[in-house]
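Chemist: Dumping the structure here so I can ask a few things about it.
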Amino acid sequence: MWAALRFRLLPAIKLYLLGFKVLLDQLLNKPLKLPVMPRQDGKVAIVTGGGRGIGYEVVRHLARLGAHVIIGGRDEQRGLAAIKRICEEDKEARVEFEKLDLASLQSIQQFADSFKKRNLPLNILVNNAGVMLVPEGRTEDGFEQHFGVNYLGHFLLTWLLLDALKDSGKSGHVSCVVNVSSSAHSIGEIRLNDLNSCQHYSPHAAYCGSKLAQVLFSSHLHQEMQREGCPVVSCAVDPGMVDTALYKHLCTPLHLAQSLIARILFRTPAEGAATVLSATFSPALDEDSGGGYWANGRREMTTLPTFDPQLPLSLWEISLQLLGLQ
């Protein structure tokens, strides 16, 4: 009985209490207003999950700034509809869609291979797509879905595109990797001996753990790039609680409640995208070294749970092994 409480009920309670706190913070603080952003003419960006929600708003804004944007997503119809809306607003927009299923390592490899064959630069990679509270299940390659899609799929995509990011960076115009995480990372836990949640499954714990993994990956990647002297920065972003389709797997009573209050208390996708864009352009706007953890439009100290200082490196090395990259 205690095991059931420990691994199923407790993570849910912690996540919903955190959500209540975040909503109070959002109620007390005005949403971020974007500063004037630099033009991105000649630059290329990839945004995963750019067909709707936060990803769509990021794509829309990057295109307005002159960037050539590639939407990576599973739903071609949704992606093409997004492109149509953006191009109706801006006839000069350069936006396209490429099939990308983050639950399939083969699809990720094909997407990266297709991109690299085009010999395009890659200045911005926004790892935005994700799942939340999905029922227990496995990706095509046997990974728990939150771990496989939110974290491991983006890990592989970034790794495969890293050379393009390095080649495209230069002094004063570094390339940027943005991982869209969540405040839920602060209550996440990573068990290196059970990354696929085989021993005990809780969708709430799995989601929080995947978001913590994203933050650790983002931080370690940034340190690696700085150590190697590469012109690439990496940051993690918390867009806040945003009114998107991400909450569709909530249980029915909670989903109904969420639908009722979302329009009042949740941020709009455009407001959520503002922090993503602020982090993306921080080196150009502030002449800093980029990186870090971002929330509410600014770099913040992240409240990580107590963990072994070796955890980021251990997670990095195990991820490489799981993906056959070592």
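Chemist: Quick check on packing: order 113-123, 210-220, 68-78 by the mean number of other C-beta atoms within 10 Å, highest mean leading.
Modeler: 210-220, 68-78, 113-123
Chemist: Sorted by accessible area (1.4 Å probe), largest first, how do 265, 15 line up? Show your work: numbers first, answer last.
Modeler: Values: 265 50, 15 20 Å².
Sorted descending by solvent-accessible area, the residues read 265, 15.
Chemist: Related question: Which number gives the lysine pairs in the chain that have C-alpha atoms under 16 Å apart and are eight or more places apart or on different chains? Spell out each step's value before the answer.
Modeler: Numbers: 14/211; 21/30; 43/116; 43/166; 43/170; 99/116; 99/117; 116/166.
Count of close lysine pairs: 8.
Chemist: Another question, if that's okay. Pull up the DSSP beta bridges for segment 112-239 and report the antiparallel fraction as a percent, rounded to 5. Walk me through the numbers on the way to the answer.
Modeler: On the way: 2 of 12 bridges.
The antiparallel fraction comes to roughly 15 percent.
Chemist: Could you go through segment 151-157 in sequence order and give the Karplus-derived ³J(HN,Hα) for each residue, using 6.51 cos²θ - 1.76 cosθ + 1.60 with θ = phi - 60°, rounded to whole Hz, and x for Gly and Pro?
Modeler: Along segment 151-157, the couplings run 10, 5, x, 6, 4, 5, 4 Hz.
Chemist: Hey, can you find the accessible area per residue of the chain for me, probe 1.4 Å, expressed in square angstrom? Don't skip to the end; give the middle numbers.
Modeler: Numbers: 15490 Å² over 326 residues.
With all protein chains present, the chain gives 48 Å² per residue.
Chemist: How charged is the neighbourhood of residue 212? Take every other residue with its Cβ under 15 Å from the Cβ of residue 212, and add Lys/Arg as +1 and Asp/Glu as -1.
Modeler: Values: positive: 14, 191, 211; negative: 144, 189, 194, 238, 308.
So the environment of residue 212 carries a net charge of -2.
Chemist: Stokes-Einstein at 20 °C, 1.002 mPa s, Kirkwood radius from Cα pairs: D for the chain in µm² s⁻¹?
Modeler: Working: Rh = 19.9 Å.
Once the numbers are plugged in, D ends up at 108 µm²/s.
Chemist: Residues with beta-carbon under 10 Å from that of residue 243, excluding residue 243: net charge, scoring Lys, Arg +1 and Asp, Glu -1?
Modeler: Working: positive: 263, 267; negative: 271.
Within the 10 Å Cβ shell, the charges total +1.
Chemist: Report the Cα-based extents of segment 1-127 along its three principal axes, largest first, to the nearest Å.
Modeler: Extents along the principal axes, in whole Å: 57, 41, 25.
Chemist: Tell me the carbon and sulfur percent of the accessible area for the chain, rounded to whole percent, probe radius 1.4 Å.
Modeler: Values: 8360 of 15490 Å².
Heavy-atom surface of the chain belonging to carbon and sulfur, 1.4 Å probe: 54 percent.
Chemist: Where does the charge balance sit around residue 111 when Lys and Arg score +1, Asp and Glu -1, over other residues with C-beta under 12 Å from its C-beta?
Modeler: Values: positive: 74, 99, 116, 117, 118; negative: 98, 101, 113.
Residues close to residue 111 contribute a combined charge of +2.
Chemist: Using Cα pairs under 8 angstrom and six or more residues apart, how large is the relative contact order of the chain, in percent?
Modeler: On the way: 599 pairs, mean separation 61.4, N = 326.
Relative contact order comes out at 19 percent.
Chemist: Quick check: Cα centre of segment 102-132 to Cα centre of segment 158-185, how many Å?
Modeler: 12
Chemist: If DNA, RNA and ligands are ignored and the probe is 1.4 Å, what is the ranking of 132, 301 by accessible area, most exposed first? Can you show the working numbers first?
Modeler: Numbers: 132 15, 301 170 Å².
Reading off the accessible areas and sorting them downward yields 301, 132.
Chemist: Here is a further query. Starting with the highest mean, order 28-39, 139-150 by the number of other Cβ atoms within 10 Å, averaged over the residues of each peptide. Walk me through the intermediate numbers first.
Modeler: Numbers: 28-39: 11.4, 139-150: 20.8.
The packing order, highest mean first, is 139-150, 28-39.
The values are calculated or read from the model by the stated rules, or taken from the named source; none is laboratory data. Not measured: the values here are computed from a predicted model. Ideal geometry is used to build each Cβ from the backbone, glycine not excepted, and the neighbour counts take in all protein chains shown. In case anyone asks, the SASA skips ligands and DNA or RNA and just uses the protein heavy atoms, side chains included. Shrake-Rupley method; radii C 1.70, N 1.55, O 1.52, S 1.80 Å.
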